[in-house]
Amino acid sequence: MPPIIELKNVSFTYPHGEGKPESPPAVDNVSLSVEPGEFVAVLGHNGSGKSTLAKLFNAILTPTSGDVLIDGMNTRDESRLFDIRKTAGMVFQNPDNQIVATVVEEDVAFAPENMGLPSKEIRRRVDEALAAVGMSAFKRHAPHLLSGGQKQRIAIAGVLAMQPRAIVMDEPTAMLDPMGRAEVMRTILRLNRENGMTVVLITHHMDEAAQAGRVIVMNHGRMLLDGAPAEIFSQVDELRACSLAPPQTVALLDRLNRDLNAGLPLTALSVEQCADVIYHYLKG
Ligand code: ADP
Ligand code: MG
């Protein structure tokens, strides 16, 4: 089986305006594969190329050079555009821009209706998608009256109703309050762990990325780091060099190492793990 998402030496440069100098590539020679069932977080400061990467995954943009294959389909192949977009569904930052209907269940039914599915199948998919995001009780509600977190879960359900193989989310929690962020993160984790959904989560929140199985760090359009969260977040200097603050737990341990020469491992991603490391250090 091919990877769900595969990039082969992909670069993308935005066309430059009249009389303006050509800008550097927004995505610069990136190669990567995402396998079924993976949960990949993509981190990077503003302008590092994350959104451009997401748009390349979904054939909103096609590479200036190199190839993007979605479940083996090349995003340059316009005849496969529809299949590509329903294989790698996209969720964006602002839930208000993604909701199209005035009733929740009609909104979630939008894509399967456009796919021309029989009404019984649409009903089944809508119910399943709403259950998967924990929003079944709201199916007859008006989306605009829901909280930001609930709206974003409806947007996710709308993508799930297409039965994608992967879901790509570009900072889906950026506009949400802490409660909304937490509920969207819980939903994403459940989709990945319980339903086996392949997830690519673009975020600038370290705590969100720490929950993924794999973290990719983008810097100036390049893929700088790629590995397990504990491995990535222990590279404090590399993270700081691309304007990313390490998680607070790692930052604390790093400071103890620098100030007290404590020699602590920098792999603690939770407060509990961090407290444990410090306890053992103090105990001697
Ligand atoms: P991120 O999502 O990590 O903030 P982007 O992919 O949006 O990064 O941007 C990467 C680079 O491409 C930045 O330098 C940005 O200014 C540039 N860029 C993004 N969108 C456009 C566009 N529509 N036209 C020209 N340049 C763009
Ligand atoms: Mg962006």
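The values are calculated or read from the model by the stated rules, or taken from the named source; none is laboratory data. Since this is a predicted model, take the numbers as computed values, not measurements. Every residue, glycine among them, receives a Cβ derived from its backbone with ideal geometry; neighbour counts consider all protein chains shown. Areas reflect the complete protein model, heavy atoms only, side chains present, ligands, DNA and RNA absent. Shrake-Rupley method; radii C 1.70, N 1.55, O 1.52, S 1.80 Å.
Remarks
- Beta bridges per DSSP, both residues in region 5-246: antiparallel share near 50 percent.
- For HIS220, solvent-accessible area (1.4 Å; no DNA, RNA or ligand), Å²: 130 Å²
- Looking at region 203-284, none of the trypsin sites (Lys or Arg not before Pro) sits in a DSSP loop with at most 16 other Cβ atoms within 10 Å of its own Cβ.
- Dipole magnitude (debye, nearest 20) for region 196-284, charges at Cβ of Lys, Arg, Asp, Glu: 120 debye
- Taking the protein heavy atoms of the chain in the context of the full set of protein chains, the accessible area attributed to carbon and sulfur is 51 percent at 1.4 Å.
- Computed on the Cα atoms alone, the convex hull of the chain gives a volume of 156 cubic angstrom per residue.
- Compactness relative to 2.2 N^0.38 Å, alpha carbon Rg of region 32-101: 1.18
- Dmax and Rg, reported as Rg then Dmax, of region 57-215 (C-alpha, Å): 15.4, 47
- Of LYS20, LYS139, LYS120, the residue with the largest accessible area leads and the full order is LYS120, LYS20, LYS139 (1.4 Å probe).
- Helix content alone sets the calculated 222 nm mean residue ellipticity of the chain: runs of n ≥ 4 DSSP H residues at -39500 (n - 2.57) each, divided across all residues, give -11500 deg cm²/dmol.
- Hull-based mean projected area of region 111-189, where the convex hull spans the alpha carbons, in square nanometres: 5.4 nm²
- Calculated FRET value between ARG193 and GLN248, using beta carbons and R₀ = 25 Å, to 0.05: 0.50
- Accessible area per residue in Å² at 1.4 Å probe, computed on the chain: 48 Å²
- Residues whose placed amide H lies under 5 Å from that of ARG214, excluding near-sequence neighbours: PHE39, ALA41
- Longest to shortest principal axis, alpha-carbon extents of region 1-124, angstrom: 52, 37, 29
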